[in-house]
Structure formats: C-alpha cells, structure tokens
C-alpha cells in the first residue's frame, strides 16, 4: 500500500502505520459507537504488528464522516511467519472486511444504517466501497470477504458468482430487565443454575482467589500479556494461527478509558490466575478475550463459568443492555443464558 494518505472526493483511505489520526476521528468513534479497538493509537500499534496492511476507509459529507470500513489487504505476499511489508505487500489480492481484532461485531458503520431497516441500503454501501477501493488498489483488487453479516443482510450481498456461507454464531448475553445476578441466574436451567451457585461459593470462599473489575489503566501490562498468551497457545484449529499477544498493542488498548478487565488473582502472591478483557460500550460491551493459567500450572478450575456471573452483575449494575460474548462454544454459552445470533460471511468478486 502507498505510504501516505490517499484522498478521493469525499473519501479517505488511511493506513494507520503512516497516517496521523484524522481530526474527526474522536467524533466518528463517538457517533458510531466504535469500541476501544478503533482508537487510532490502538489501530496504529496493531497495524505495525499485523501480517497484512490494515486499511481504514472513511466516507465524508462536507468534511464530516458518514461511514467507515476497516479491512485487511490479503495478497500472495501475506505469510503466516512474517509481518506486513512497510510498502506494497502485493499487487493482487482481496480485502478481508471485519472489525479490527474483534470477530464479534461488523467492520463497518454507515450513518442511519441498521440491518434490515432499508432494503437495498447495504448493497449500495458495498457497491460504493468496492468502487472506492478499486480506484485505490487498481486492477489487482479481485474481491471482498465480508464477515459478520446479520441474517437480514444476506439478501443484500447475494448475487451472481457470490458465495455466502453461515459462520459461527455470536453469543449475546441480555441483561436488560434484570435487577440482580440472581434474576439472571433464575433464567438458566436448574442444573446450570445449581452448578454456578456452587462455583460462586467455592470461588468466594477460597482465600487464594481474589476477583476484581478494573479499568485498563489499573492493569499490569507485562503480567497481563503473559497471561493472555495462554489463550493464544490453545487455538491451533485455524489455517493461520493467531499471533501472540504483544505488549505494545495491549498497552495502547489498556490506556483507553473504555476498557475493563475482570481479574482473578492470588491476593497473597499477586499471581494472575485469569482475566476477561471487556471493551466497554454504552449499551453493548464486548467480551473480547479470556485467558486463564492452566490448572496444571497452578490455575483454578471453573473460572470461565464464574466470569459470566461477574459480567452479568457488572452489566446489570451499569445499566447495559447486555454483553456480546462472541464466538466459540455455542452450546456452553447458550446454557449460560446467551442468545446465539446467526452470522454469515460473503465472498464478493470484483470485476
């Protein structure tokens, strides 16, 4: 990719490695409800530690943003064992449209758009984005992979030579209308409710386990980086393994005021046992990452089940609509009260 800002009429295509934060970025984030992983310092740090160039395309109206799309530019030069090149990473490829390092939410926002409300709206937005990126990337731009499509959006991207497939559903833990953790527990099956109450008693009664909800700024970046790498080590079931957690990008993320952690540690030794990293939001915080010290290395059992009660309690107390708990383990998440929302991905060729 070019190492400078690309501007087209009413559009900017930005590479966070080289382009400074746009003057309107804070207003865009606030208006669109973009979480902490869309902070420009976070995008910059993550872009320098990625396998692919990361492109942020902003649509403007009178200098004010009316839409934004994040995508990774994937080419033959993309390699699982190296970072993105500092210049062009290949002239032929496709754009992987998704949210930066967060597979639970879409990688785009358009003013006034909501899935299923205005037939044809998403199709028009995709066509506009495709046209802009064709001018930006040239004839080597061969297609889009659009992730996290909601069910009403499938018809919007359907068409000749386009492939659409269901992907893992997203878990959503609704807490609006509950007055307490017990209210939430009452919605679960009897066996699961009994199990969670037993786990809560064991955790609460264990002097070697302390539980705390903190802001990111209160966290120890080094200790948290080490702990999060246990989670990365578990995921060997994908074609391109995720990169480990890097301290530099985590430090930028934790510095954002809308980041929270639910932490488990030993109050005596200070040893970290587990953590849930949560990206806050006025209505729908996202449970971004979970990692725990393996039991064989001194960790504690059942903390993943326990953290759902902690998140439900925090969400209820803060007046949220609920918590987006992400992909993986759909049966387990459903048993913990999560509503599983179907998701789709579409491969869209560009001709």
Subset of the stretch 209-240 (residues that are modelled with pLDDT under 75 and not in a helix (DSSP H, G or I)): 235, 236, 237, 238, 239, 240
Condition check for residue 288: in the same structural domain as residue 324 (by TED's automatic domain parsing) and not in a loop (DSSP other than H, G, I, E, B): yes
Residues being buried (at least 18 other Cβ atoms within 10 Å of the Cβ) and assigned to a helix (DSSP H, G or I): count how many of those fall in the stretch 155-177. 2
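Matching residues to (1) modelled with pLDDT of 90 or more; (2) at negative phi:
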residue	(1), (2)
163	no, yes
166	yes, yes
177	no, no
185	yes, yes
198	yes, yes
202	yes, yes
Being surrounded by fewer than 22 Cβ atoms within 10 Å (Cβ to Cβ) and closer than 13 Å to residue 215 by Cα is the filter here, so list the residues in the stretch 261-283 that pass it. 261, 280
Kindly list the number of the only condition in (1) within 18 Å of the chain's Cα centre (by Cα); (2) farther than 20 Å from residue 192 by Cβ that fails for residue 333. (2)
Of these, 7, 12, which one is part of a strand (DSSP E or B) and at pLDDT below 80? 7
Scan of the stretch 188-197 for residues that are surrounded by 15 or more Cβ atoms within 10 Å (Cβ to Cβ) and either part of a loop (DSSP other than H, G, I, E, B) or out of contact with any helix residue (DSSP H, G or I) (no Cβ under 8 Å at 6 or more places or on another chain) (or both), ordered by number: 188
Exactly one of 324, 316 is buried (at least 16 other Cβ atoms within 10 Å of the Cβ) and either in the same structural domain as residue 146 (by TED's automatic domain parsing) or touching a helix residue (DSSP H, G or I) at 6+ places or on another chain (Cβ under 8 Å) (or both), and that residue is 316
Failed criterion for residue 71 (all others in (1) more than 28 Å from residue 153 (Cα to Cα); (2) at pLDDT 90 or above hold): (1)
Condition broken by residue 84, with the remaining ones in (1) buried (at least 22 other Cβ atoms within 10 Å of the Cβ); (2) at pLDDT below 90; (3) under 24 Å from residue 168 (Cα atoms) satisfied: (3)
For the stretch 19-30, enumerate the residues that are over 19 Å from residue 278 (Cβ atoms) and surrounded by 15 or more Cβ atoms within 10 Å (Cβ to Cβ). 19, 22, 24, 25, 28
Evaluation of residue 128 against (1) surrounded by 15 or more Cβ atoms within 10 Å (Cβ to Cβ); (2) touching a helix residue (DSSP H, G or I) at 6+ places or on another chain (Cβ under 9 Å); (3) in the same structural domain as residue 28 (by TED's automatic domain parsing) (one fails), failing number: (2)
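The values are calculated or read from the model by the stated rules, or taken from the named source; none is laboratory data. What you see is a predicted model, and the numbers here were worked out from it, not measured in a lab. Ideal geometry is used to build each Cβ from the backbone, glycine not excepted, and the neighbour counts take in all protein chains shown.
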